[in-house]
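Structure first, commentary second.
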Amino acid sequence: MENNQQQKQLQIKVSDEILKGFYANAMQVMHSKEEFILDFMNLSPVQGVGIVGSRVIMSPGHMKRVIAALQDNMAKYESGFGKVQIAEEPAEMGFKG
């Protein structure tokens, strides 16, 4: 059975602010029955300051797809560059969640 339909291309626009990225050295995950909330943070123990640079909210079903994609990409990374060791948790920084 031939499929003669043209594949639709989705154009994604990214602002310069988002395109430059945000360095995160910490993440907090919260959830309810309907959604997961991921806060990506940059914590500076020297300055005693933490900044939430991005908050991502998604459905549980999409969260499962994200986890699968991350696991797949980590496996590909490790097959090319070697096993990644889990980083130690940072010392207490005085931040309370």
How far is helix 60-81 tilted off the main Cα axis of the chain, in degrees rounded to 10, range 0 to 90?
-> 80
Karplus-derived HN-Hα couplings along the stretch 13-23 (A = 6.51, B = -1.76, C = 1.60, θ = phi - 60°), whole Hz, x at Gly and Pro = 9, 10, 5, 4, 4, 6, 4, 6, x, 9, 6
Each label point is 7 Å from the Cα along the Cα-to-Cβ direction; what then is the distance between the points at LYS8 and ALA87, in nm?
-> 3.9
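For the stretch 22-81, what mean projected area does the convex hull of the alpha carbons give, in nm²?
Values: hull surface 21.3 nm².
Computing the convex hull of the Cα atoms and averaging its projections yields 5.3 nm².
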So what's the back-of-envelope 222 nm ellipticity for the chain, counting only DSSP H runs of four-plus at -39500 (n - 2.57) apiece and dividing by all residues, rounded to 500?
-> -8500 deg cm²/dmol
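Read-outs throughout are calculated quantities, based only on the coordinates presented, and are distinct from any laboratory measurement. Please read these numbers as outputs of a predicted model, since none were measured by experiment. For neighbour counting, all protein chains shown are included, and Cβ atoms are generated from backbone atoms with ideal geometry for every residue, glycine included.
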